[in-house]
Amino acid sequence: MKVGRSFFCLLAAVAALAAAANAQDKKAEAQLRTVRGVVSDKSDNPLTGSVVFLK
């Protein structure tokens, strides 16, 4: 019975580590897709509350 419990704990630990690694990959991928900028008028004054859509 102890062998089964130890195996289950090991399996749970591996699954948790795999999930953490996957989350870090997605976070790094999301950072690669970040777009930042300022919307401004013709006089270079920032336009607050502007919304930009990307395709």
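Remarks
- Complete set of residues in the stretch 19-54 that are open to solvent by less than 60 Å² (accessible area, probe 1.4 Å) and at pLDDT 70 or above: Val39, Ser40, Asp41, Ser50
- Beta carbons closer than 9 Å, at least 6 apart along the sequence or on distinct chains, pair a first residue in the stretch 34-55 that is hydrophobic (A, V, I, L, M, F, W, C) with a second that is outside any loop (DSSP other than H, G, I, E, B) and surrounded by 10 or more Cβ atoms within 10 Å (Cβ to Cβ) for Leu47/Ser40.
The values are calculated or read from the model by the stated rules, or taken from the named source; none is laboratory data. Predicted, not measured: the structure shown is a model, and the values here were computed from it. Counting neighbours? That spans all protein chains shown, and the Cβs are built from the backbone with ideal geometry, glycine included. SASA here: full protein model, heavy atoms, side chains in, ligands and nucleic acids out. Shrake-Rupley method; radii C 1.70, N 1.55, O 1.52, S 1.80 Å.
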